[in-house]
Amino acid sequence: MSKEEFKQLFLKLTEYTIPFGHESKLEKYLPIGYKKDSIGNYYYEIGNSETLFTTHLDTFSDKYEKVNHVIDEDDPYIIRTDGKTILGGDNKLGCCILIGMIKKNIPGTYYFFLGEEPIITDGLYGSQKALESNPGFFEKFKRCIAFDRREYGSIVVRQRAIMCCSMEFAKSIASELTKIGSIKWDEGAGFGYYTDTATFLDIIPECTNISAGGFKEHYKTEWVNLNYTYNLYNVACKIDYEKLPTVRELEERFIEDPDTINTNKFKLLKKFNKFIKKNNYEKIIKLFNEYDLDLTRDITKDGKRFLTFSEWIGDKDFIVCLSGSDITIDGKKTTISNIKSILDRYYKKIN
């Protein structure tokens, strides 16, 4: 696909805003041969690959509206709108890259999800429903990659407040981006909230999201630099994804519903009835939430309950262990009344 063809594809995909429920209007721009899963997501399978590529078809909008493109006078590959709507570069940039890769027959499974944006759904609608309906389909993948990150050079290593890929994996991709496309890795921009790759954190070892050249997503001031995106597309077509390292280890993070877990785990959970009856469990979560720390792991092992609380933007984790009537934080015994003081001291120290 030439650079001009790439631009024209982007202009077609962003002709209208696409709220959740209107994604089928883009079918005519998808390559021939797509399949649809039981949720309505679109996907392609090319070759024997352990790589999953994802993007989403919806935009951060609740209305289906005409987009009036404004082409930069000095650079025809920088595109904005007239300020009346968003542009939709999030994530039509990623759609263009994946469509181009499919047309070049690059091995991989390509998923175009519905309802990633939270403006109508709770977010990650299509990917979460797909995983719930057919988990076995996704367990075969070793890596999951999206081109849905803002600006330039970012390789997301942390989503939903936990590490989503190993640094070895990120460094390997960064090396390819630099070697093939002279794209400089922005190592300080590896913390993201989420995109569809975050759905698969518990079953796919390496999950990331790579900058695609869009700016001010979700706002009417949104703009894109297709010079960068087209360069990234060419790089993406040349990477040997199957040779990328798989280092991150999957971990059990959440306890299942007590009505569905096995008998042994249920017996272990009984040891924590004292905590639950006193609402200590809920109090601990509330205390950490006050510092914007979210529960990202909740497991029971060897008669102990382990809770991990993590920063969304940042890399600090607090590990809480509940054992009988004892509470420890990062290995040090404490009490529920002392948790606030611990958090106060930590954030006062780093600030």
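So which residues in the stretch 1-50 are touching an Asp or Glu at 6+ places or on another chain (Cβ under 7 Å) and within 24 Å of Phe141 (Cα to Cα), if there are any at all? It would help to see each step written out before you state the result.
Applying the first criterion (touching an Asp or Glu at 6+ places or on another chain (Cβ under 7 Å)) to the stretch 1-50 yields 16-20, 23, 43, 49-50.
Tyr43, Ser49, Glu50 - these are the residues of the stretch 1-50 that are touching an Asp or Glu at 6+ places or on another chain (Cβ under 7 Å) and within 24 Å of Phe141 (Cα to Cα).
Within the stretch 8-22, restricting attention to residues that are surrounded by 14 or more Cβ atoms within 10 Å (Cβ to Cβ) and among the polar types (S, T, N, Q), the residue that is farthest from Lys103 (Cα to Cα) is Thr17. Considering only residues that are over 20 Å from the mean Cα position of the chain (by Cα) and within 15 Å of Cys95 (Cα to Cα), which ones fall in the stretch 229-239? If the condition is that a residue be over 20 Å from the mean Cα position of the chain (by Cα) and within 15 Å of Cys95 (Cα to Cα), then Tyr230, Asn231, Asn234, Cys237 are the ones that fit. Checked against (1) surrounded by fewer than 21 Cβ atoms within 10 Å (Cβ to Cβ); (2) in contact with an Asp or Glu (Cβ under 7 Å, 6 or more places away or on another chain); (3) closer than 24 Å to Met1 by Cα, Thr55 meets all criteria but (1). Applying the criterion of being farther than 13 Å from Tyr291 by Cβ and assigned to a helix (DSSP H, G or I) to the residues of the stretch 308-351, the residue that is nearest to the chain's Cα centre (by Cα) is Lys349. For the stretch 23-36, the set of residues classified as buried (at least 17 other Cβ atoms within 10 Å of the Cβ) and either of a type in the set (D, E, K, R) or outside the structural domain of Ile97 (by TED's automatic domain parsing) (or both) consists of Glu23 only. Every test in (1) within 30 Å of Leu244 (Cβ to Cβ); (2) surrounded by 16 or more Cβ atoms within 10 Å (Cβ to Cβ); (3) of a type in the set (A, V, I, L, M, F, W, C) is passed by Ile79 save one, and that test is (1).
Would you list the helices (runs of 4 or more DSSP H) that sit entirely within the stretch 121-204 and hold 3 or more residues that are buried (at least 18 other Cβ atoms within 10 Å of the Cβ)? Write out each step before concluding.
Numbers: elements: 125-133, 135-138, 167-181.
The qualifying helices (runs of 4 or more DSSP H) are 125-133, 167-181.
The values are calculated or read from the model by the stated rules, or taken from the named source; none is laboratory data. All values derive from a computational prediction rather than experimental measurement. Positions of Cβ are generated from backbone atoms using ideal geometry, with glycine treated the same way; all protein chains shown enter the neighbour counts.
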